[in-house]
Structure formats: C-alpha cells, structure tokens
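S.K.: Submitted below is the structure of interest, expressed as structure tokens.
The values are calculated or read from the model by the stated rules, or taken from the named source; none is laboratory data. If you're wondering where the values come from, they're calculated on a predicted model, not measured in any experiment. Here the Cβ positions follow ideal geometry from the backbone for every residue, glycine too, while neighbour counts run over all protein chains shown. Areas reflect the complete protein model, heavy atoms only, side chains present, ligands, DNA and RNA absent. Shrake-Rupley method; radii C 1.70, N 1.55, O 1.52, S 1.80 Å.
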Amino acid sequence: MTAPDRTQTWVRALCWATVTLEGFDIVALSAALPTILDGGHVGMDKASATFVTTISLVGIMVGAILVGPLSDRWGRRRCILASIALFSVFTLAVPLATNPETFGALRLVAGLGLGACMPAALTMMSEATPETQRARATTLTMTGYHVGAVLTALVALAVVPQWHLLFVIGGVAGLVILPLMWLKLPETNVVALARRGATTGQGESAVPAPRASEILRSPYRTASLATWAACFMGLLLVYGLNSWLPTIMREAGYEIAASLTLLLLLNLGGIAGLVLAGIVGDARGIRRSTLGWFAAAAVLLAVLSVHLPTLVLNGAVFLTGVFVFSAQVLVYAWITRYYPPHLRGTALGLASGVGRLGSIVGPAITGALVTADLAYPWGFYVFAFVAVLAAVAIVVIPQRFERTTTPVPTQEVSA
C-alpha cells in the first residue's frame, strides 16, 4: 500500500470513528435518563430532564454552526481534535453534577463539541476522497452514528443502573483515540494549508480568509437556502420518528414488543440505506438521488398511516428507514461536491446547524400530536408532508450543477 493510500485509509477510519463517538455520546443521555429519573439522581424530574435534553441539542446546533467558518479558516484537523477533546472532557464531568442546572450546563458545553465533530469529519472525508466517490464516502461515514447509538444501547444494558458509566466510557473513549488522531490525521483543507504557508512581507497570510456571508451571495444563495430547508426537514423526520415511533404504533393498537421491534427495524433500514444511497448517489447523481430518496420517504410514511399485517408492516418500516435516514445525509454529500474548498466547511456546518433545529422541532411536534391523541394516523401524515417539502427544496437547487462533478470555481474573497 502506497503512502497516499495509507493516509486515505487512516482518514476514513478516524473520521468514521469520530462520527461513532458522536453517536455514542448523544444517545448516552437518552439511555441514562430513565434510570436517572427513576432514582431521582441529581434532583432530576421530568421538567428538568426536558430542559437538559433541549439544552444539549441547542449546544449541538451551535457547535455545528460555529465549526464551519473555523474549519475553513484554521483547518479540519484542528477542529476535529478540539471538538473531540471538548466533548470528551465535559462528558466525563457529567457524573460529577449535583443538580440539574450543572448537569445541563455540562451537556451544553459537551454539545458544542458533539455538534462540531460531525461536519468537520464529513468535510475532511470528502476532501480525502475523489469527487466521483464522495456520496459513498459521506453516507458510509454516517453509518458510524448508528453504530455508536447501537453500542450505547448495548453498554446501557450491561451497566444500568450505574448510569454514570455511560458518560465515563464515552468520555474516556474520546480521550483514548485523540493521540492516534493527532499522529495520523492529515490536514485536508488546501486553503488553510495555503494560508499557513503563504505569507506577505508583513507576515500576514497571502491567502484571504473566507467569509461565511459569501454562501448567501450569488451563485450560492439559492442552493444554500434550499439545502438548509432540506436538512431541517430531514432531521425533523429522523428525530421525530426515532423519538416517538414506538408510542405512535402503540396508539395504533400494536403490542409494545412489536413497537420496539419496529424501532429496531427502522434503524437497521437506516444503516442499509446509508450504504445504498452512497452507491446510487455516485452512479446516478447526488441531487437526483436525494430527490428520489425524499419522494420515496413521503410515500412510505403515508403508507404507515394504514393498519397493515405484521409482515407487511415490518417491511414498510424497514424501507422507511432506508430512505428517511439517508436522504438528509445525501444533502451533506451534495454540499461537499458543490461548494469550493474555502467555503465547504462553512456550508456544511451551517446546513448541519439549521438541520439541528429540525431535530428539536420534530420530537416537539410529534409529542404535541401524542398529547392531543392525534399521533395515529396524523403523525404519519405530517411526516409525509415534511418529506414532500424536503423534496421541493431539492427541486429548487439549481439543476445545472447536477450535470457536472466540477465544483463552482472559488471566488476571490476579501479579507
């Protein structure tokens, strides 16, 4: 294996590991909360648990937004290392909290690191991969999130009621992998490398710093707004379904065991969909594939509003996971292909950050429908409509960029 091949292998492995760590630590809170609430640990009740969950998601959203401009300016490697160090240290500190306020503050800061690591890792992965393979690289990297979530569930089964071990394991895992990342991760942002190496007589960088506002100017404005909308709708679907599917299916008359099985099938479909979506996206075009994925998700979500035989229902839920969970990830893949290097991190970070708003809104909307006893079938009607809106957003993206794999040329940006 040549040196470039070895470097690319390390990038793939460590970017996947970064997303896996994020999946583990995000889901750790959900896995720990039932035990924390049952035992009244750190004075937590349902209201404070809602606060902690929400403030954690806010931290993740802010971290995703901030990391883009930082990684475009200072490089992907530095941001990945800093984000993992940040969430690992503050995740380790969570069991030391003595009240819900401290618990929430620690999760807020940890969320900043958790939100930052995924966009930086996906951007690095895309830059270390040939353009014709970027959809596959992005979706395969995102399978790490689901693997991390599954690992959290398995660890929780093994350590509960010692809920604090979930945070200890997650924090230690991040700190253990940091030295390897320090040694093996290269910097892939050619603009950041150029800024470090090219200096003027005054010692200032000869390569201008990017401005985040550029992605809202021509020729990027329409594509940026459309991808933000698609990411918002995509994560609304993912988090809304993952949070409430068992409850909705119980209201539909299915047994609790069957409802939990459906949640498992949904996530297994998500992993299969991520693998399939990358292959199709590279072969057929990312924009076109994303449109098809959201359209298929809309149809399948509408089908779930009908009471189906068990075998048919299992297949429908699995297929729903195939299309829902990977549609929004294809949007990330399109962003890494479309935007030039000096804006790529900013574009992906902002899209991810806006999408995180959907991760907050989705469970809230579904929870309101559950409270009003309207979750079945109206929950699926709402989800289907959201998927249609995401498909419309993809249609709005300028079609001319689907016919080429060459990113929009880098423009001059004033410092």
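S.K.: May I ask you to list the residues in region 351-389 that are closer than 20 Å to L300 by Cβ and of a type in the set (V, I, T)?
M.R.: The answer is I365, T366, V382, V386, V388.
S.K.: Counting only residues that are β-branched (V, I, T) and either open to solvent by less than 10 Å² (accessible area, probe 1.4 Å) or in contact with a Leu (Cβ under 6 Å, 6 or more places away or on another chain) (or both), give me the helices (runs of 4 or more DSSP H) lying completely in region 233-348 with at least 1 of them.
M.R.: 286-303, 310-338
S.K.: For region 52-59, does any single residue satisfy the condition of being assigned to a helix (DSSP H, G or I) and farther than 20 Å from S352 by Cβ? So that I can check it myself, show each step before the final result.
M.R.: Within region 52-59, the subset assigned to a helix (DSSP H, G or I) is 52-59.
Those left that are additionally farther than 20 Å from S352 by Cβ: 52.
Looking through region 52-59, at least one residue is assigned to a helix (DSSP H, G or I) and farther than 20 Å from S352 by Cβ.
Per-residue answers, yes or no, for (1) in contact with a Pro (Cβ under 8 Å, 6 or more places away or on another chain); (2) among the aromatic types (F, W, Y); (3) within 18 Å of A173 (Cβ to Cβ):
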| residue | (1), (2), (3) |
| --- | --- |
| G59 | no, no, no |
| L86 | no, no, yes |
| A93 | no, no, yes |
| T98 | no, no, no |
| E101 | no, no, no |
| A110 | no, no, yes |
| M124 | no, no, no |
| E127 | yes, no, no |
| T141 | no, no, yes |
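S.K.: Could you please tell me which pairs satisfy a Cβ distance under 6 Å, a separation of 6+ or placement on different chains, a first residue in region 9-24 that is of a type in the set (D, E), and a second residue that is open to solvent by less than 20 Å² (accessible area, probe 1.4 Å)?
M.R.: Here the result reads E22/L114; E22/C117; E22/M118, each pair linking region 9-24 to a residue that is open to solvent by less than 20 Å² (accessible area, probe 1.4 Å).
S.K.: Can you tell me which of (1) of a type outside the set (A, V, I, L, M, F, W, C); (2) within 17 Å of F380 (Cα to Cα); (3) touching a helix residue (DSSP H, G or I) at 6+ places or on another chain (Cβ under 8 Å) is the one P341 doesn't meet?
M.R.: Going through (1) of a type outside the set (A, V, I, L, M, F, W, C); (2) within 17 Å of F380 (Cα to Cα); (3) touching a helix residue (DSSP H, G or I) at 6+ places or on another chain (Cβ under 8 Å) one by one, P341 breaks only (2).
S.K.: Then there's this: Taking the condition of being at pLDDT 80 or above and β-branched (V, I, T), how many residues in region 249-277 meet it?
M.R.: 2
S.K.: Look at region 68-90 and say how many of its residues are open to solvent by less than 10 Å² (accessible area, probe 1.4 Å) and either of a type in the set (D, E) or closer than 21 Å to T188 by Cβ (or both).
M.R.: Qualifying residue count for the region: 8.
S.K.: Sort through F380, F385, F401 and tell me the only one that's touching a Pro at 6+ places or on another chain (Cβ under 9 Å), within 22 Å of A327 (Cβ to Cβ) and either at pLDDT 90 or above or open to solvent by less than 50 Å² (accessible area, probe 1.4 Å) (or both).
M.R.: Within the list F380, F385, F401, the selection yields F401.
S.K.: May I ask you to list pairs of residues, at least six apart or on different chains, whose Cβ atoms are under 7 Å apart, with the first in region 270-287 being more than 22 Å from L241 (Cα to Cα) and the second being open to solvent by 50 Å² or more (accessible area, probe 1.4 Å) and of a type in the set (S, T, N, Q)?
M.R.: D282/T132; D282/Q133
S.K.: Quick test of your reading of the structure: T129 fulfils all but one of (1) surrounded by 24 or more Cβ atoms within 10 Å (Cβ to Cβ); (2) modelled with pLDDT under 90. Name the failing condition by number.
M.R.: Result: T129 passes all but (1).
S.K.: Taking the options L140, L122, L154, L114, name whichever one is assigned to a helix (DSSP H, G or I) and modelled with pLDDT under 85. I'd like the intermediate steps shown before the answer.
M.R.: On the way: L140 fails: modelled with pLDDT under 85; L122 fails: modelled with pLDDT under 85; L114 fails: modelled with pLDDT under 85.
Residue meeting the stated conditions: L154.
S.K.: Identify, from the list V11, V27, the residue that is among the hydrophobic types (A, V, I, L, M, F, W, C) and either at pLDDT 90 or above or outside any helix (DSSP H, G or I) (or both).
M.R.: Working: V27 fails: either at pLDDT 90 or above or outside any helix (DSSP H, G or I) (or both).
Step by step, each of V11, V27 is checked, and only V11 is among the hydrophobic types (A, V, I, L, M, F, W, C) and either at pLDDT 90 or above or outside any helix (DSSP H, G or I) (or both).
S.K.: In addition: Name the one entry in S213, S224, S218 that is part of a loop (DSSP other than H, G, I, E, B) and modelled with pLDDT of 75 or more.
M.R.: Just one listed residue meets the conditions, S218.
Yes/no matrix, rows are residues, columns are (1) open to solvent by less than 10 Å² (accessible area, probe 1.4 Å); (2) more than 25 Å from T346 (Cα to Cα); (3) touching a helix residue (DSSP H, G or I) at 6+ places or on another chain (Cβ under 9 Å); (4) of a type in the set (S, T, N, Q):
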position	(1), (2), (3), (4)
A97	yes, yes, yes, no
G104	yes, yes, yes, no
L122	yes, no, yes, no
Q133	no, no, yes, yes
T139	yes, no, yes, yes
V147	no, yes, yes, no
L151	no, yes, yes, no
V159	no, yes, yes, no
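S.K.: Looking only at region 106-115, filter to residues that are hydrophobic (A, V, I, L, M, F, W, C) and free of Cβ contacts under 8 Å to residues at least 60 places away in the same chain; which one of those is surrounded by the fewest Cβ atoms within 10 Å (Cβ to Cβ)?
M.R.: Going through region 106-115, the residues hydrophobic (A, V, I, L, M, F, W, C) turn out to be 106, 108-110, 112, 114.
Filter once more, so that each one left must be free of Cβ contacts under 8 Å to residues at least 60 places away in the same chain: 106, 108-109, 112.
Details: L106: 24, L108: 20, V109: 18, L112: 22.
Among those residues, the one meeting the criterion is V109.
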